[in-house]
Every structure is written in structure tokens, then in C-alpha cells.
Amino acid sequence: MFTTRRHILALAGSPLLARIAAERFDVDRILSINTGKPANTYSRKYVAGASFLLFSIPLGSKSGVGSAFTVIEETKDAVSIRFGAGSYPESARGLNRLGFIQEAVLESGTGQASECAYLAFMTTSQEKNLDQAKRALENSGDVLPYTAAQGCGKRGRFASRVERLQFPSRYTWRDVEALVEKARAAMASSGPLPDGQAPAPEASTFLYSVRRALLDPDRRSVSCLFFNGKQFRLETQKEADPAAGAHFTSRRLVARPEDVLRLDATLTNQHTGEKTPFRIWYEAGAGHEPPLRFDYQAKSFLRLTFEADGPAVAKEKA
């Protein structure tokens, strides 16, 4: 299920199309700046669980409704982060939802982002409550709408584009590699990004900003990021979580329960003021690896939890 950077380019089809795709997307251009093999690669798989809510009151939960993966590549000059998640319709009452994002960040000597880019796509979901979700399942057609986005930030400006795509509804999370190919081909036909927004001197991408917060030795952090043409403020704070520590120790994912920390984060849309809280559990001193667990409220009636399916896999350059 993991999609490597080389495999993503291969998914574009022929070598010629792969080269065109690499030139078309800033996320590939940034990664091509360092042509050596990744110095460090960390990956992890997750099992997805869903909790159904009514006025914030849990109605029930189910595990195994989907899965996810995270892959982090570090080179001397750049960081690549890929994340994908989706549902298994046969285990999620027919719900077919998925998303994929790839980020590339060129780091300065101080460890800050000097240039960054992202490319993402996800199924479009308009359901506001359980009744609307049920009707959406009953009225699902032969095509499924997607939102696709790409962006690039450098020299104090951030350019982005959001597009609407449609793919056959027979494609599910299990077909993510084929969907990456189709989404890239559709997005590549739109031409270069428009001029960037300004000012954006400290803006970065979402996954990279979260990673920086995990690595930050301070208990609290604040950062600015752009996604889907919108500016966001990310605020985080950390604290020990003994109960989660005991759980992950029993699963032999950490050696000591006191080393498990929880990052409580809030993502605020700077234009609308809308806030999206989420939580991440990770091992102290291992913030460079994919986390142990994360959850967020996807809808007012739905909370999703992604828990590590096993230890992180690390590969280091000799």
C-alpha cells in the first residue's frame, strides 16, 4: 500500500509522461533538488476505527473500517511526507471515502522551510448529520466527486489551486495507486499555478508543520500554514498520557509508558475562524517517526481514530 516517490512518478505511465509530471508539479521538483537516495525513511501502517456521535454523545464504535499509512523521507536538504487513508466500504456500511497527500519541503540551514509544496486529493463529502450520511449511501451513483489541490510556497509567497474531479465510484481505498495516477494526470493538464498570495514569509505545509511541532522541545508551539488556498494557524501543546502509555507498552510499541506524549492541536481557518481540533500520540524522542495514534472529528457525528498496526519501519542510508 505504501507509494514511494519513484513509484508515484512511474504511476504517470511512460517515462516521458513521468518526466512531464515531475516538471509539472512543484512537489516533485523540490525532491529532485537532492538526487541522492533518502538518508532516512520511516513508514508506518494504521488501522482505522470510527466512533458515531449524537450531540457529542457516543452511539457506538467500530474498528477495522479502513486503514492508513505514513511515509517520511529525510535527505540532507529536503523532507518528503506522504499520508493516505481510506475506508473499506464492505466494513464501513458502504461508505467509500479516501484521501492522499504528498508534501515536499526544502529546509534551510536553520531547519526551517525555505520552499515547500504539496499535492493532495480526497473524496468530497457534504454530509452534515447521520440522516444525510444515510441518504448519501442510498443515493450513491456511478461516479464519486473528489477535491484535488496543489500549492507551493517560496520567497514570501504561496500559490495554490483547488480543482473538482470525478472518478468512477468502483474505485475505493484499495485502488489508491490507480487513483494517484488519475488525479496526477488530471491535475497536470491545468497548467502552472497562478501567482502566489503574499505575504507568507513563514508559511509552510500541514504535515510538515505538525512534524515540526512534534520535534519542537517546547511544550507549546504556534505556526502558520496554507492549504486549499486558505491560511491556517496551528496551535499545539504536549502532555504525558499515562493511560495511552500503558496501552502502547502492552502492545510492545514502546518500552516505557512514561515516554508516551499526547499532542493536542487546533487548526484555525484564519478567514472564517473555524477550528478543527485533533490529537496525536507519539513516543518522546521519536517525533521524527510516524506517530503511534491520531484522531480527529471528521464530522459532527463521526470521529476517526488511526492506531499503529505495528512498529515503525526505519531504513537508514549506510
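For this structure, a couple of remarks:
- Residue check, A286 in a helix (DSSP H, G or I) and aliphatic (A, V, I, L, M): no
- Hits in region 235-258 (condition: in contact with a helix residue (DSSP H, G or I) (Cβ under 7 Å, 6 or more places away or on another chain) and closer than 19 Å to R44 by Cβ): G245, T249, V254
- So A183, is it in a strand (DSSP E or B) and either touching a Lys or Arg at 6+ places or on another chain (Cβ under 6 Å) or surrounded by 13 or more Cβ atoms within 10 Å (Cβ to Cβ) (or both): no
- Among residues of region 273-295 that are over 18 Å from A48 (Cβ atoms), those with a beta-carbon under 6 Å from a residue that is crowded, with 17+ Cβ neighbours inside 10 Å and of a type in the set (F, W, Y) at least six positions away or on a different chain give the pairs E289/Y42.
- Any hit, region 193-207, residues being assigned to a helix (DSSP H, G or I), under 30 Å from A240 (Cα atoms) and at pLDDT 90 or above: yes
- Matching residues, region 289-314, being among the small types (G, A, S), outside any strand (DSSP E or B) and surrounded by 15 or more Cβ atoms within 10 Å (Cβ to Cβ): A312
- Subset of region 217-234 [under 22 Å from V71 (Cβ atoms) and at pLDDT 95 or above]: L234
- Complete set of residues in region 253-279 that are aliphatic (A, V, I, L, M) and out of contact with any Ser or Thr (no Cβ under 6 Å at 6 or more places or on another chain): L253, V254, A255, V260, L261
Residue-wise test of (1) closer than 16 Å to F83 by Cα; (2) free of Cβ contacts under 8 Å to residues at least 40 places away in the same chain; (3) touching a strand residue (DSSP E or B) at 6+ places or on another chain (Cβ under 6 Å).
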| position | (1), (2), (3) |
| --- | --- |
| V176 | yes, no, yes |
| S189 | no, yes, no |
| L193 | no, no, yes |
| V210 | yes, no, no |
| E235 | no, yes, yes |
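- Residue match in region 299-307 (condition: within 17 Å of the chain's Cα centre (by Cα) and at pLDDT 95 or above): yes
- Within region 251-262, residues that are under 15 Å from A240 (Cα atoms) and without any contact (Cβ under 8 Å) to a residue 60 or more places away in the chain have Cβ atoms under 7 Å from residues that are β-branched (V, I, T) and in a loop (DSSP other than H, G, I, E, B) in these pairs: V260/V254, counting only partners at least 6 apart in sequence or on another chain.
The values are calculated or read from the model by the stated rules, or taken from the named source; none is laboratory data. Here the structure is a predicted model, which means the values were calculated and not measured. Note that we place each Cβ from the backbone using ideal geometry, even for glycine, and neighbour counts take in every protein chain shown.
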